[in-house]
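J.: Below is the structure I would like to discuss, written out as structure tokens.
The values are calculated or read from the model by the stated rules, or taken from the named source; none is laboratory data. Because the structure is a prediction, the values reported are computed rather than measured. So basically every Cβ, Gly included, is an ideal-geometry build from the backbone, and we count neighbours across all protein chains shown.
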């Protein structure tokens, strides 16, 4: 007998707006603007801010650089977000791009390398200080943030969106963390996020720089909802004028003041515009490839990148050998540094992870210890040397990277910089010690620092599905379940959310086998 909690499916309402009265009452905090619908452009012209109903829309607008973030953009967004957080006239933030090609291609690391090479590393460290503080503010923001992620989202673009509760992806979405290619590391809080992905996929994506696109970004856990890009404008309007006309004024106030209920309301509104994963969709990785990733990139059984490569070579499949070759083409320092940060990130809070990343970025920019950032950026992104051509790194093989180097780079401590002695070294240490992630005490109602994301609005995780199959879901179930029962359970639990059926089938196909009671009854495969 299948025991489950009944949840009434969410009704699918048509897109609508509140009355003209609500539009007129919306207060604009933007540079003294007083009319709803007002738009202001930042001083740099690279970000715009708009009042739309009870939503505040932040639009990235640097198309020539694929919305790559720079210091100005981060510096302009932080005070606006602080202002919006204090306002009583808005209830959610929408973060989007005005470029059809990209949500955000990352931080402007080319400019950082140019600044470093010109002797102005303080400009590069200032950028990362602003960027990571922006990421932390978004991660603990006290109001729902809905990111509409179209096109390219890499590096800093992932950091802008992934820590928020709602990541709407579409047919053009392409995410990746390609930092090992450019002598850097997976930053912007992804050392906190990536280890949480199913089946060690985050470790694989981090070290290889491989990408995910479209529906796969939803299934892998980056996206929370899949909405075709042609519906983004209608979705924006729907979220700007959330209404509960059938409820009393008192009940509406209760919902809007209760985070759990309000976040559920936002999720249901987004769901009205979603599209289901087609039954014939082919996920990027086969079942066998996912098994290889889970086994070879397991941080519990592998203590180093060298062990990962050895395991892949022993596997011997085409996919494993190709993956090993990819890893061998990356910066050895970056590979080892990435692995260390991911392992530490598994047990860190979001504030600890970003604080650690900020120290590491500062050390790389100031040449505190040997690293490949300036070399790899110059070769790959400025000179455009293709990946098929090998470049000379500071250290060219993994075995020669000292453990002490990785320990020094990944530590929150600042000591013994590899720079000139005396005042120059002292100045370097002082500049690094100043790098800190703010607690943003001026913002009311921020979410408390956390080890686990407080709102999980996406598809069920492999871990959650496994607990249900194994009877560890607190249902007091005494019998094995079938695939049909499992799908029905998660459809109810997730209120018929699009993508759930495909995800549950995908996980069950890889992680279960027929039990001794009959092959239709499921046993979980460790």
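J.: Can you confirm whether region 286-302 contains a residue that is over 30 Å from residue 224 (Cα atoms) and either part of a helix (DSSP H, G or I) or under 25 Å from the mean Cα position of the chain (by Cα) (or both)?
T.: Scanning region 286-302, I find at least one residue that is over 30 Å from residue 224 (Cα atoms) and either part of a helix (DSSP H, G or I) or under 25 Å from the mean Cα position of the chain (by Cα) (or both), so the answer is yes.
This table checks each residue for (1) buried (at least 24 other Cβ atoms within 10 Å of the Cβ); (2) in contact with a helix residue (DSSP H, G or I) (Cβ under 7 Å, 6 or more places away or on another chain).
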{"site": "351", "(1), (2)": "no, yes"}
{"site": "356", "(1), (2)": "no, yes"}
{"site": "365", "(1), (2)": "yes, yes"}
{"site": "369", "(1), (2)": "no, yes"}
{"site": "380", "(1), (2)": "no, yes"}
{"site": "384", "(1), (2)": "no, no"}
{"site": "388", "(1), (2)": "no, no"}
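J.: Residue 120 fails exactly one of the following numbered conditions: (1) free of Cβ contacts under 8 Å to residues at least 24 places away in the same chain; (2) crowded, with 22+ Cβ neighbours inside 10 Å. What is the number of that condition?
T.: (2)
J.: Moving on to the next point. Quick one: in region 49-72, of everything that is touching a helix residue (DSSP H, G or I) at 6+ places or on another chain (Cβ under 6 Å) and crowded, with 22+ Cβ neighbours inside 10 Å, which residue is farthest from residue 111 (Cα to Cα)?
T.: Among residues in region 49-72 that are touching a helix residue (DSSP H, G or I) at 6+ places or on another chain (Cβ under 6 Å) and crowded, with 22+ Cβ neighbours inside 10 Å, the one farthest from residue 111 (Cα to Cα) is 53.
J.: When the residues of region 463-476 are narrowed to those that are in contact (Cβ under 8 Å) with a residue 12 or more places away in the chain and surrounded by fewer than 18 Cβ atoms within 10 Å (Cβ to Cβ), which ends up farthest from residue 224 (Cα to Cα)?
T.: Only one residue tops the list, namely 476.
J.: Here is a further query. Tell me, yes or no, whether region 368-384 has at least one residue that is without any contact (Cβ under 8 Å) to a residue 12 or more places away in the chain and over 28 Å from residue 289 (Cβ atoms).
T.: yes
J.: Going by what's in this entry, would residue 497 be described as farther than 28 Å from residue 282 by Cβ, outside any helix (DSSP H, G or I) and modelled with pLDDT of 95 or more?
T.: Criteria not met by residue 497.
J.: Then there's this: Could you tell me how many of the residues in region 195-225 are out of contact with any strand residue (DSSP E or B) (no Cβ under 8 Å at 6 or more places or on another chain) and closer than 11 Å to residue 175 by Cβ?
T.: 2
J.: Related question: Identify, from the list 75, 16, 44, the residue that is touching a helix residue (DSSP H, G or I) at 6+ places or on another chain (Cβ under 7 Å) and at pLDDT below 85.
T.: Only one candidate passes the filter, namely 44.
J.: Follow-up question, since we're still on this one. May I ask you to list the residues in region 259-285 that are exposed (fewer than 15 other Cβ atoms within 10 Å of the Cβ) and not in a loop (DSSP other than H, G, I, E, B)?
T.: 260, 261
J.: With the condition being under 26 Å from the mean Cα position of the chain (by Cα), I'd like the helices (runs of 4 or more DSSP H) fully within region 352-466 carrying at least 3 qualifying residues.
T.: Answer list for region 352-466: 373-376, 403-410.
J.: Take the conditions in a helix (DSSP H, G or I) and either at pLDDT below 95 or under 24 Å from residue 242 (Cβ atoms) (or both) and apply them to residue 83. Does it pass?
T.: yes
J.: Do we have any residue at all in region 268-281 that's farther than 30 Å from residue 98 by Cβ and either assigned by TED's automatic domain parsing to the domain that holds residue 503 or modelled with pLDDT under 95 (or both)?
T.: No, because not a single residue in region 268-281 is farther than 30 Å from residue 98 by Cβ and either assigned by TED's automatic domain parsing to the domain that holds residue 503 or modelled with pLDDT under 95 (or both).
J.: Taking region 476-494, which residues are part of a helix (DSSP H, G or I) and out of contact with any strand residue (DSSP E or B) (no Cβ under 8 Å at 6 or more places or on another chain)?
T.: Result: 484, 485, 487, 488, 489, 490, 491, 492, 493.
J.: Here's another thing I want to ask about it. What are the pairs with Cβ atoms under 7 angstrom where one residue, in region 478-502, is under 23 Å from residue 227 (Cα atoms) and not assigned by TED's automatic domain parsing to the domain that holds residue 170 and the other, located anywhere, is surrounded by fewer than 20 Cβ atoms within 10 Å (Cβ to Cβ) and modelled with pLDDT under 95? Sequence gap at least six, or different chains.
T.: Taking only residues 6 or more apart or on different chains, the pairs are 492/4; 492/6; 492/7; 493/7; 495/7; 495/9; 495/10; 496/9.
J.: Looking at region 488-504, is at least one residue within 22 Å of the chain's Cα centre (by Cα) and closer than 24 Å to residue 190 by Cβ?
T.: yes
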